[in-house]
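S.K.: Before anything else, here's the structure in question.
Each value in this text was obtained by applying a stated rule to the coordinates, not by laboratory testing. Here the structure is a predicted model, which means the values were calculated and not measured. We place every Cβ from the backbone using ideal geometry, glycine too, and count neighbours over all the protein chains shown.
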Amino acid sequence: MQVFGLVGNPVGHSLSPPMHEAAYEALDIDARYVTFEPEREALATAIDGARALGVRGLNVTIPYKEAVRDLVTVDDVAARIGAVNTVDFGGDEPTGHNTDAAGARRALEAQGGAALDGADAVVVGAGGAGRAVAHGLADAGARVAIANRTVERATALAGDVAGASGHELDELDALLADADVLVNATSVGMEADESPVPADALHAGLVVLDAVYVPLSTRLLSDAEAAGATTVDGAWMLLYQGAEAFELWTGRDAPVDAMNSALRNRLEDRYRV
Ligand code: NAP
């Protein structure tokens, strides 16, 4: 039996176990996905121990995504984002990857029909999710404008992302006028009926992804729908980052439909979203 898992603290509410175990069941893979909560000072020992025990792959979540960078060999995307959310033990040494970037990109392409190469994209937020999304969209060929409450963080992130620019939130109206893609990568809207984007800046030419997934139908997405935009909820981003990790570990196409059903069932059970 193969063992995969998640390292973070806390991880009790993670949606990853049902999502990954649905994939193993769909493809008849003899595997389990378990959660681990090491203390910070035991993180290096935990990664070494997982490898020694034959764990095949680990996802990494808050608060360890940055610390794990120093314990594995990071790929280019994870190095640029500055965070690792997936460790692969399949090679000679553990490698670190960031699948949040591809998760956002695949969600926009597969569920929003977005053509990212040459697109004008606006990313709201410059925290962990904002970093991953901005790099992911730029790598796919989009011109990325980053707007953030703390404008210094937007400007600093823009300096790290190819061709990107940093902005204040009150520039969103102007930025969105000609944009093709909008991603909310702030926590605004999480368990609150609030949006970081003025409703009247939204239009039918936009594909809008909200990284927030509790609730699934956020204020931003309902405003976007009312404006005629195409909407993609945050569970799709979560799903595709998991699908990307699954594919990295197993070399097989992820059974996206099975993973999506399991994820949405668990979201409904837990949060009544
Ligand atoms: P983070 O690193 O703490 O960053 C938070 C971001 O939200 C910052 O840009 C912050 O702006 C902004 N923000 C917070 N409160 C705000 C407010 N009242 N008004 C305007 N901006 C505000 O968090 P994160 O890890 O990036 O996560 C952000 C969201 O994405 C969370 O809801 C998380 O659940 C979600 N997420 C979803 C996925 C997925 O797969 N769907 C993956 C990762 C994260 P400042 O810089 O000004 O503080």
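S.K.: Can you list residue pairs whose Cβ atoms sit under 9 Å apart, with the first residue in region 224-239 being free of Cβ contacts under 8 Å to residues at least 60 places away in the same chain and the second being assigned to a loop (DSSP other than H, G, I, E, B) and near the ligand (Cβ under 8 Å from one of its atoms)? Count only pairs 6 or more apart in sequence or on different chains.
M.R.: Close Cβ pairs (under 9 Å, with a partner that is assigned to a loop (DSSP other than H, G, I, E, B) and near the ligand (Cβ under 8 Å from one of its atoms)) amount to Asp233/Val212; Asp233/Tyr213; Gly234/Ala211; Gly234/Val212; Gly234/Tyr213; Gly234/Val214; Ala235/Tyr213.
S.K.: On to the next question. Go through the residues of region 82-98 one by one and say whether even a single one is over 26 Å from Thr150 (Cβ atoms), in a loop (DSSP other than H, G, I, E, B) and free of Cβ contacts under 8 Å to residues at least 12 places away in the same chain.
M.R.: Taking every residue of region 82-98 in turn, at least one turns out to be over 26 Å from Thr150 (Cβ atoms), in a loop (DSSP other than H, G, I, E, B) and free of Cβ contacts under 8 Å to residues at least 12 places away in the same chain.
S.K.: To continue, here is another question. Can you tell me which residue in region 125-144 is farthest from Asp178 (Cα to Cα), limited to those that are touching a Leu at 6+ places or on another chain (Cβ under 7 Å) and outside any loop (DSSP other than H, G, I, E, B)?
M.R.: Per the stated criteria, the residue is Arg131.
S.K.: Hey, among the residues in region 222-248 that are crowded, with 24+ Cβ neighbours inside 10 Å and among the hydrophobic types (A, V, I, L, M, F, W, C), which one's farthest from the ligand (Cβ to nearest atom)?
M.R.: Across region 222-248, the extreme among qualifying residues is Ala224.
S.K.: Would you call Gly128 surrounded by fewer than 24 Cβ atoms within 10 Å (Cβ to Cβ), within 16 Å of the ligand (Cβ to nearest atom) and on the phi < 0 side of the Ramachandran plot?
M.R.: Spelling it out, Gly128 is indeed surrounded by fewer than 24 Cβ atoms within 10 Å (Cβ to Cβ), within 16 Å of the ligand (Cβ to nearest atom) and on the phi < 0 side of the Ramachandran plot.
S.K.: Quick one: in region 209-223, of everything that is outside any loop (DSSP other than H, G, I, E, B) and free of Cβ contacts under 8 Å to residues at least 40 places away in the same chain, which residue is farthest from Arg32 (Cα to Cα)?
M.R.: Asp223
S.K.: Could you list, ordered by first residue, the pairs with Cβ atoms under 8 Å in which the first is in region 162-190 and in a helix (DSSP H, G or I) and the second is of a type in the set (D, E, K, R), at least 6 apart or interchain?
M.R.: Leu169/Arg149; Asp173/Asp200
S.K.: Hey, among Ala107, Ala67, which residue is out of contact with any Phe, Trp or Tyr (no Cβ under 6 Å at 6 or more places or on another chain), closer than 26 Å to Tyr213 by Cα and within 16 Å of the ligand (Cβ to nearest atom)?
M.R.: Just one listed residue meets the conditions, Ala67.
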